[in-house]
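In what follows, a single structure is set out as C-alpha cells and then discussed.
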Amino acid sequence: MNLASLAARNVLRNKLRTVLTVLGVAVAILAFVLLRTVIWSWTVSAEYAAKDRVATRHKITFISPLPVRYKTQIEQIPGVTHVTWASWFGAKHPTRESDFFQSIAVDPPSFMAVYDEIILPAAQREKWLSNRQGALVGESLAKQFGWKVGDRVTLAGTIYPGDWQFDVDAIYTVKRSSLDKASLMFHWDYLNDSIDARRKDEAGWFISRVKNAGDAANTAKRIDTLFDDQDAQTLSMDEHAMNASFLGMFSAVLTAIDLVSIVILVIMMLILGNTIAMGVRERTNEYGMLRALGFLPKHIASFVLLEAMVVGLCGGGVGLLLAYPVVEQGLGRFLEENMGAMFPYFHVDAPIAGLALVLSVALGLVAAIVPAYQASKLNVVDSLRRVG
Amino acid sequence: MLLMIPLSYNLRSLVARKGTTLASAFGIALVVFVLSSSLMLSGGIKKTMGSSGRSENAIVLRKGADSELSSTFETRLINLILAAPGVKKDETGAPLGGGEAVIVIAVEKAGTPGKIANVQVRGVSDNVLKMRPEVKLIEGRLPQAGTDEVMLGKSVRGRYTGVDLNLSFELKKNRKVQVVGIFDAGGSSFESEIWAGVDTVKSSFGREGLVSSVTVQLESGSKYDAFKATVESDKQLGLQSFRESEYYSKISSGTATFVSAIGIVITVFFSIGAMIGAAITMYAAVAQRRREIGTLQALGFTRRAVLGSMLVESIVLATVGGLVGAVASLFMGFVKISMMNFATWQEVSFSFTPDPAQILISLALGGVMGVLGGFFPALSASRTNPVIAMRA
C-alpha cells in the first residue's frame, strides 16, 4: 500500500464529513462557474467582436443623429469595402413592456453585406429584402415572443410614437458570436418615409467594413478627421473598442461579481481547511505511529496534502457536473430566451470549467498547508501519548 | 430530570475549539456581508432615484416614451400644461414649472483615458430652484439666465476629465459652456447631472422648438388626478403625466431589481456553502464530545436538553458570524459606486445605504444558517447512548 492509496482511504474514513466537505466544495465551484459565466457571457460581445468593422457615432451624444449622406464620404476612404447605417428604434412589445430588446432600422442590402455572419434561408432573405414592412428577427427573440415567419406584429414605438406594424419575413441565426440573436431589424426606408420632415434622412450610426482588420483603428481615425470640420462631428471606434466601452458603463457590477467569485473561493478554502485540520487533530495518534514506523515528516505532510487535493478534486468534479445542468439548461436557457439582449450566449465555457477544476485542487492544497505543516512537526512521543 | 444545560458550557466549548469556531463563523460572516451589502446597494439605488421625485410634482412626457431621453414634444404645449388646474403659482402669479430638455453627452472618465461615460445634461427653466427647493448651491455661483453657464451636481465633480468648477467644455462644436457652480440635491440622482439653461441645450443639440418633458409643482399632491386628467384629455396632443416620484421609481426599478437579484442568487449559493461549513464544525464538536455528552445524560440531562444545547451552540456561532458580517457591511456605506442606469443610459453614482430592516434580515439569515447547519449534528448528539459513550 503506497501513501497515495492510504490518503485516498483516509478520505473515506469519516464518510459523513467527507460527503459534506465535497458538497461544500461542489456548491462553491458551482457558484464560481456560474459567476464567471455571467461575466464571460456579458463580455463575450467584446471578445467576439468583428475585428474588421468600425462604428461611427455622433461625437458628443449618441442621442444626436448624423446625416445619412456621410455614407458616401466614408465609402471613399481606401480600404473600406462596405458601409451601412442604422437608427435605434426602441420598439416595445405591446403587452410585455418590460422585456427589453434591440430594434433597429437598417438599410437591408448594405446591412447584409457588412454583417456577413447572419445566416437565413435564401427565400426568407429575398422576402425580407423586397418587403418594405418586413422585419428580420433573431432566433432567440422569435422564441421569446413566440413569433413565426409570416406573422404580422404590432410594436409600440418609444422614440417614434405610435403603433408600428411589421411582417416577420425572416428569422436569422449567426455563424459567429459577433452579433446577438435577439435583435429585430427592419427597413430604414419604412421609418424614414413615416416620420416628419425634421427627423428625416438621419442615421443613428454607421458601420463600415474594412478589407484588413489591422486597418480598423486607422480607418476610425480617418473617418473622424473627415468630418472634423462638419457641424456634426463623429466618434469612430473599431467594434471591439465600442463594445468594450459599452461594458465599461457596467464596470462596477462586473468588478463586484469578480470580487464575489473570489470570495466564494475563500469560503471554499475555509470549509476544506477546516475539515482537514479536524482530520489531522483526530489522527495525531496515527501520525505518531507512522513516524515511529520510520516515515519521515515529509511523508506525513504529503499525506495530508494529498488527502486535501483528493477531496478538492472530488468537490470540483461534482460541482462541474452540477454546473452543466444548472447553468446551461436552467439559467442559461432562461437568460438567452428572456434577456438575450444582455446575455446573448450563456453556456459554460471550457476554459472556465478547466480553471474551476484546477482551482479546486490547487486551493485544496493551499488550505492544507498549515495542517500539513503541523502534522509533520508532531513530536513522535507526545503524539503517541495523546489519547483520541 | 435536568432540562437546561447552562449556556456557559456551550460558550466555553466554542472558545476551546478556537480555530474551527473562527473558520465557520468567518464563513457565515462573509455570507451575511454579501447579502447585507447587496441589499444596501439596492436600497441606495432606490433612495437616490426615489428622492429625485417629489410626490407633489408632476412630470409630463410624450405618450409612449419610456424616459425623458426618448421623449420630445413641441414647446407650444408647455403653456397648455402650465395652465392645467392644480399647478402652483409663485408670489408673482407665474406657474411653478417649465419645459426641460434632457440629453446625455459622452465624457471621458477621469484617470482612464479613452474610457467614456454618459452624463445626463438637463436644460432647466429659470425658476427651477423654486420648483425643486431641495437643490442648493454649495460652491461657486448660480448660472446667469440666458447665458452658456452651467452648474454641476456634486457627484459629477472630479469624475470626468475637463468637467469641473471654473472649467469649460463643449456641448457642441465650438460652443463651450462654463461651469460656474456646484449644487447639492439632497442625495438624489440630480447630483449626477449637469444643469444648463434650457435654451442652451435646445440650440446646442438642434432641438429648437422641442423639449423632453415638463415638470410642474402642484398646489398639493391631492390635485394630481385633476391635473393628469386635463393634460391627457386631448388625445391629439399625445401627452402622458406621471407623479414625479412614480416616474423616478419606474426608471430605477430595472437597475435596483437587477442588483438585488444578483445579490440574492449569490447569497443562496453562499449560504449553502456556509451552512455545510457550520454543519461540519458542529459534527466534529459533537464527535469529540461523545463522552461529555454521555456524562451529561448520565447526570440526568434529557435528550431534548442535549439537542437544545447543541443547537444553541450552533446558533451562537452563526449569530456571532452574522454580527461580524453585518457590522462589516456597514463600512460599505463609505463606498460610492457609479454605474449606468438601464432605463436612462446615464451614469449615476449610488451609495450603499443601510436600513434597519435589511440589517435584521441579514442577521436572521445568519441565525437560520446556524439552526439548519446545527440541527443534524445536534440530533446525532441527542441520540448518544450514555453507556457506550462513557465506555469509549
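The values are calculated or read from the model by the stated rules, or taken from the named source; none is laboratory data. Please read all numbers here as calculations on a predicted model, not as lab measurements. Here Cβ is always computed from backbone atoms with ideal geometry, including for glycine, and neighbour counts include all displayed protein chains. Note: accessible area is taken over every heavy atom of the protein model, side chains too, but ligands, DNA and RNA are not part of it. Shrake-Rupley method; radii C 1.70, N 1.55, O 1.52, S 1.80 Å.
Numbers for the structure displayed
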read-out: Matching residues in the range B:102-117 - criterion: being facing chain A (nearest Cβ under 7 Å) and either of a type in the set (Ser, Thr, Tyr) or in contact (Cβ under 8 Å) with a residue 24 or more places away in the chain (or both); value: B:ILE103, B:VAL104, B:ILE105, B:ALA117
read-out: Any chance B:LYS154 is within 14 Å of chain A (Cβ to nearest Cβ) and open to solvent by 70 Å² or more (accessible area, probe 1.4 Å); value: no
read-out: The range A:1-38 - residue that is in contact (Cβ under 8 Å) with a residue 12 or more places away in the chain and hydroxyl-bearing (Ser, Thr, Tyr) and, of those, nearest to the other protein chains (Cβ to nearest Cβ); value: A:THR21
read-out: Qualifying residue in the range A:238-249 (condition: open to solvent by 40 Å² or more (accessible area, probe 1.4 Å), over 16 Å from A:GLY79 (Cα atoms) and modelled with pLDDT of 90 or more); value: no
read-out: Search result, residues across the range A:237-250 that are in a helix (DSSP H, G or I) and touching a strand residue (DSSP E or B) at 6+ places or on another chain (Cβ under 8 Å); value: A:GLU239, A:MET242, A:SER245, A:GLY248
read-out: Members of the range B:264-289 found to be part of a helix (DSSP H, G or I), over 11 Å from B:LEU30 (Cβ atoms) and more than 7 Å from chain A (Cβ to nearest Cβ), listed by number; value: B:ILE264, B:VAL265, B:VAL268, B:MET275, B:ALA278, B:MET282, B:ALA285, B:VAL286, B:ALA287, B:GLN288
read-out: Residue count, the range B:359-382 (criterion: open to solvent by less than 30 Å² (accessible area, probe 1.4 Å) and in contact with a Leu (Cβ under 8 Å, 6 or more places away or on another chain)); value: 7
read-out: Verdict on B:GLY64 being without any contact (Cβ under 8 Å) to a residue 40 or more places away in the chain, within 14 Å of chain A (Cβ to nearest Cβ) and in contact with a helix residue (DSSP H, G or I) (Cβ under 9 Å, 6 or more places away or on another chain); value: no
read-out: Count of residues meeting criterion [within 14 Å of chain A (Cβ to nearest Cβ) and touching a helix residue (DSSP H, G or I) at 6+ places or on another chain (Cβ under 8 Å)] in the range B:118-139; value: 5
read-out: Some residue of the range A:39-56 being within 14 Å of chain B (Cβ to nearest Cβ) and modelled with pLDDT of 90 or more; value: yes
read-out: Matching residues, the range B:130-148, being more than 32 Å from the chain's Cα centre (by Cα) and in contact (Cβ under 8 Å) with a residue 40 or more places away in the chain; value: B:ALA145, B:GLY146, B:THR147, B:ASP148
read-out: Test for A:ARG96: is it more than 24 Å from the chain's Cα centre (by Cα), in a strand (DSSP E or B) and either over 30 Å from B:LYS173 (Cα atoms) or of a type in the set (D, E, K, R) (or both); value: no
read-out: Residue in the range B:238-250 that is at the interface with chain A (Cβ under 9 Å from one of its Cβ atoms) and either in contact with a strand residue (DSSP E or B) (Cβ under 9 Å, 6 or more places away or on another chain) or farther than 30 Å from B:GLN346 by Cα (or both) present; value: yes
read-out: Flag if A:THR234 is surrounded by fewer than 18 Cβ atoms within 10 Å (Cβ to Cβ) and more than 30 Å from B:ALA25 (Cβ to Cβ); value: no
read-out: Members of the range B:310-333 that are within 21 Å of the chain's Cα centre (by Cα) and of a type in the set (A, V, I, L, M, F, W, C); value: B:ALA326, B:VAL327, B:ALA328, B:LEU330, B:PHE331, B:MET332
read-out: Test: residue in the range A:100-114 that is within 12 Å of chain B (Cβ to nearest Cβ) and within 29 Å of A:SER261 (Cα to Cα); value: yes
read-out: Odd one out for B:LYS63, checked against (1) surrounded by fewer than 22 Cβ atoms within 10 Å (Cβ to Cβ); (2) out of contact with any Pro (no Cβ under 7 Å at 6 or more places or on another chain); (3) at pLDDT below 90; value: (2)
read-out: Spans of helices (runs of 4 or more DSSP H) in the range A:117-209 with at least 2 residues crowded, with 20+ Cβ neighbours inside 10 Å; value: A:139-145, A:188-194
read-out: Within the range A:92-115, tally of residues that are within 16 Å of A:VAL153 (Cβ to Cβ), surrounded by 14 or more Cβ atoms within 10 Å (Cβ to Cβ) and of a type in the set (D, E, K, R); value: 2
read-out: Residues of the range B:233-271 satisfying the condition of being among the charged types (D, E, K, R) and either touching a residue at least 24 places away in the same chain (Cβ under 8 Å) or surrounded by 21 or more Cβ atoms within 10 Å (Cβ to Cβ) (or both); value: B:ARG243, B:GLU244, B:GLU246, B:LYS250
read-out: Some residue of the range A:52-68 being of a type in the set (Gly, Ala, Ser) and either open to solvent by 30 Å² or more (accessible area, probe 1.4 Å) or over 30 Å from B:VAL121 (Cβ atoms) (or both); value: no
read-out: Residue in the range A:218-236 that is in a strand (DSSP E or B) and of a type in the set (A, V, I, L, M, F, W, C) present; value: yes
read-out: Residue within the range B:173-186 that is away from chain A (no Cβ under 14 Å) and of a type in the set (Phe, Trp, Tyr) present; value: yes
read-out: Residue ID - farthest from A:VAL263 (Cα to Cα), chosen from residues in the range B:12-37 that are without any contact (Cβ under 8 Å) to a residue 40 or more places away in the chain and within 14 Å of chain A (Cβ to nearest Cβ); value: B:ALA16
read-out: Among residues of the range B:38-53, those that are open to solvent by 10 Å² or more (accessible area, probe 1.4 Å) and within 12 Å of another protein chain (Cβ to nearest Cβ), counted; value: 2
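Yes/no matrix, rows are residues, columns are (1) more than 25 Å from the chain's Cα centre (by Cα); (2) open to solvent by 20 Å² or more (accessible area, probe 1.4 Å); (3) among the acidic types (Asp, Glu):
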| site | (1), (2), (3) |
| --- | --- |
| B:GLY308 | yes, yes, no |
| B:VAL348 | no, no, no |
| B:ASP355 | no, yes, yes |
| B:THR384 | yes, no, no |
